[in-house]
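Right, one structure below, let's go through it.
None of the figures in this text is laboratory data; all of them are computed from the coordinates on show. This structure is a prediction, so every number in the text was calculated from the model and none was measured. Neighbour counts are summed over all protein chains in view; Cβ atoms, including those assigned to glycine, are modelled from backbone coordinates with ideal geometry.
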Amino acid sequence: MATKILNQAASKNSRHVRSGKDGGLFNRKGKLLATMETFQAQFSINNQKYQPLGSNQQFEVNLGYGVTLTFTEIVVEDNQFINELMEYQNTGVIPEWTFQGVIKSLTGKSEERMVYRRVIPSGNIDIQNVTTGDAIKRNWSLFVNGKIQQQGKLSMEG
């Protein structure tokens, strides 16, 4: 008796799987931030547990959410981000940026585009991170204070 593959869609559509070469991080004006090696946006849901008297089951209620944006920058020269971060020490005015994360479809006719507004530095940020035999990189940690705007959806058709 022959075994039937349960998930036939996986093998039919594997050519549509996207890789890092199909994505990019852009600034507010749509300029590709070409020295970015990686970027990641994460949505964090914050819930609080509670357990009513007389119940052995716990429940959760939603308190809110947060969005973080992290990226690794290959150091080629001092750029806008590190310059504005260093200026923050002198002025006390924290930099605020807008980014666009983009993933292109196989055909290039559709794209997933998310706009992240009112993005500020948060947590640890590499000023200098040097390792022998490796490209010099800066890891950035940011928090998104604005709403995320979805401007395009990825599809297999287009």
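The Cβ shell under 11 Å around residue 125 holds other residues with a net charge of -1, Lys and Arg each +1, Asp and Glu each -1.
Of interest is the spacing of the C-alpha centroids, which for the range 35-78 and the range 97-144 amounts to 17 Å.
Cβ under 10 Å from residue 81's Cβ, residue 81 left aside: what net charge do those residues give with Lys, Arg +1 and Asp, Glu -1? Once all neighbours under 10 Å are counted, the net charge is -2. Only Lys, Arg, Asp and Glu carry charge here, each on its Cβ (+1 for the first two, -1 for the last two); on that basis the chain has a dipole of about 840 debye about its Cα centre.
A cut-off of 5 Å between modelled amide H atoms, ignoring neighbours fewer than 5 places along the same chain, links residue 122 with 141, 142, 143.
When the range 39-158 is described by a simple charge dipole with +1 on each Lys and Arg Cβ and -1 on each Asp and Glu Cβ, the residue from 132, 102, 74 located farthest towards its positive end is 102.
Of the options [x] 58, 31, 28; [y] 70, 56, 37; [z] 49, 32, 28, only one is Cα extents along the principal axes in Å as computed from these coordinates, and that is [y].
Loop-resident trypsin sites (Lys or Arg not before Pro) (DSSP state other than H, G, I, E or B) in the range 73-145 with no more than 10 further Cβ atoms inside 10 Å of their Cβ: 109. Dividing the summed -39500 (n - 2.57) terms of all DSSP H runs of n ≥ 4 by the residue count of the chain sets its mean residue ellipticity at 222 nm at -3000 deg cm²/dmol.
Lysine pair count for the chain with Cα-Cα distance under 19 Å and sequence separation of 8 or more or different chains is 11.
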